[in-house]
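What follows is one structure encoded as structure tokens, with my remarks underneath.
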Amino acid sequence: MKINCLFLILCCANMLYTQEASIHEQATQLLQQYLQINTTNPPGQEMQAAVFFKKICEQEGIEFQIFDLGEGRANFLGILRGNGTQKPIILLHHSDVVPAEPSYWKVDPFSGAIINGEIYGRGAVDIKGKGIIDLAAIIQLKRSKFPLTRDILFLAVADEEENSLGTRWMVTHHPEIIQNAEFLIDEGECIVVHDAARTPLHYMVSIGEKAPLWLTLTFTGQPGHGSIPMQDSAVNQAIRAAYKIISYETPLQLNPILHAYVGMLLESQDITKIPGYTQDLSTSLQNPAFLQAIGQNPEINAAIRNTISLTCLKGSDKTNTIPNQASMSIDCRLLPGQDKDEFIRNLQNLIQNPTMQITVEEYSPATCSSWDNAFSRALAKCAQKRNPAATVIPTILLSSTDSTFYRPLGIQAYGFEPYCLNFDERNLAHSNDERIQVSNIAFGIDLLVDLLKELNQ
Ligand SMILES: [Zn+2]
């Protein structure tokens, strides 16, 4: 009897969450524990997260696999089987987080502490919160024995914040596990709230991403002593080229799929007062003068054109020396469907400098998924149920995520975090005191379960 009691106590101590609690409460406990696992990248050490998920899946009787990537890094896959009449859906998140500086936080960034209804920790918003919502949703579907028509894959990958090692590894070593999927839900956008009542207003979904194109432009000239200026020194050439670049305006081009997104960004203004306004928003969006005017908003500007940010300038490291070479680095982001080589040719034509050498430091093509399909319809239905006035808005992300590696496999990948954030909360990713409301965990699980049920009819 004594031994049994001890055994029972040990079992309970091993439990990851309170058995009699609701899935919402259990998920909150799990998120606190997940945030306590330090997966700061570098070095990531995501095997710790994989072991954590393994324990949960064992407890819930969910099939799983751990992929050991070496040096403490790992991907984790949990699988809920459907009857196979439809293609699988992947719930993706990354288990690494960016570094946190504890002295700037009001709590330990790896405490998972709950203060005033908010869970604090590095990764709460980016993106461990979504990871736990994904896992809780499949636990809920498993417990309720919901008849699935497709497999649901819970995938936690390593290293998204640095080099996407985990996703690259899956795509290279196990394409057979993922490439048959029809849909993938990744990080990206979320549900926008504005008012104090936190009414879900816009269900934002990123359906594509701009292409990062990082270039270094190097100029060569006669070296010499700083006491004898030279008009055509490498530094002067670089400065003239830099001036041309910052004065240059790339052409405006609005993808029709972004009309609703631009409309949302303009909703606080009286658009009839904007120069170039004619008739209504969609007519006005055909007018270059209107586009030019709304492009004053930096976020709209980045959505309607290829952008160039001048980020580094290098010349001599001695004040009295005119160097052989000077260079600048520019961070360019191209809209989906743009040709990188043509963009570079345009730059050469703009700068017109025979000494200029262009080096491509980084490039990955822009990707875009289709919209108007079973996914968008299912999400619209779920949004309607929760708030009849809510809209579902597709966008193109200005930065990039792991989705960009899955789209070329034919998977329709969407950036959708199923929780409600206001503008300030959206900026908490990578920031100090990163946190998420406890109520968002319950909201997210219910919404995702609902969405998955819709997609499994
Ligand atoms: Zn992230």
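The values are calculated or read from the model by the stated rules, or taken from the named source; none is laboratory data. In this text the structure is predicted, and so the values were computed from the model without any measurement. Cβ atoms come from the backbone with ideal geometry, glycine included; neighbour counts cover every protein chain shown.
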Next on the checklist: Could you tell me how many of the residues in the range 150-192 are farther than 21 Å from Gly72 by Cβ and charged (D, E, K, R)?
Outcome noted: 7
Item to check | Residue check, Asn180 in a loop (DSSP other than H, G, I, E, B), at pLDDT below 95 and in the same structural domain as Leu421 (by TED's automatic domain parsing) | outcome: no
Next on the checklist: Checking the conditions here, which among Ile445, Ile441, Ile411, Ile436 is within 28 Å of Pro336 (Cα to Cα) and either modelled with pLDDT of 95 or more or not assigned by TED's automatic domain parsing to the domain that holds Ile133 (or both)?
Outcome noted: Ile411
Next on the checklist: Restricting to the range 80-96, count the residues that are within 16 Å of the ligand (Cβ to nearest atom) and charged (D, E, K, R).
Outcome noted: 1
Checklist entry - Counting just the residues of the range 149-163 that are of a type outside the set (Asp, Glu), out of contact with any helix residue (DSSP H, G or I) (no Cβ under 7 Å at 6 or more places or on another chain) and under 21 Å from Lys87 (Cβ atoms), which one comes out nearest to the ligand (Cβ to nearest atom)? => result Leu155
Checklist outcome for this item: Among strands (runs of 3 or more DSSP E) completely within the range 301-377, the ones holding 2 or more residues that are within 30 Å of Ser227 (Cβ to Cβ) are 307-314, 325-334
Next on the checklist: Please pick out the residue among Asp450, Asp424 that is farther than 18 Å from Ile207 by Cβ, touching a residue at least 24 places away in the same chain (Cβ under 8 Å), acidic (Asp, Glu) and more than 15 Å from the ligand (Cβ to nearest atom).
Outcome noted: Asp450
Checklist entry - Could we say that Ser309 is touching a His at 6+ places or on another chain (Cβ under 9 Å), exposed (fewer than 15 other Cβ atoms within 10 Å of the Cβ) and at negative phi here? => result no
Checklist outcome for this item: Log entry, pairs with first residue in the range 114-128 being assigned by TED's automatic domain parsing to the domain that holds Cys420, second being more than 14 Å from the ligand (Cβ to nearest atom) and in a strand (DSSP E or B), beta carbons closer than 7 Å, six or more apart or on different chains, reads Gly117/Gln437; Glu118/Arg435; Glu118/Gln437; Ile119/Arg435; Tyr120/Arg435; Ala124/Arg435
Checklist entry - Which number in (1) within 16 Å of the ligand (Cβ to nearest atom); (2) under 25 Å from Ser22 (Cβ atoms) marks the one condition that Leu141 misses? => result (1)
Checklist entry - When the range 277-300 is examined, which residues are found to be part of a loop (DSSP other than H, G, I, E, B) and under 28 Å from the mean Cα position of the chain (by Cα)? => result Leu285, Gly295, Gln296, Asn297
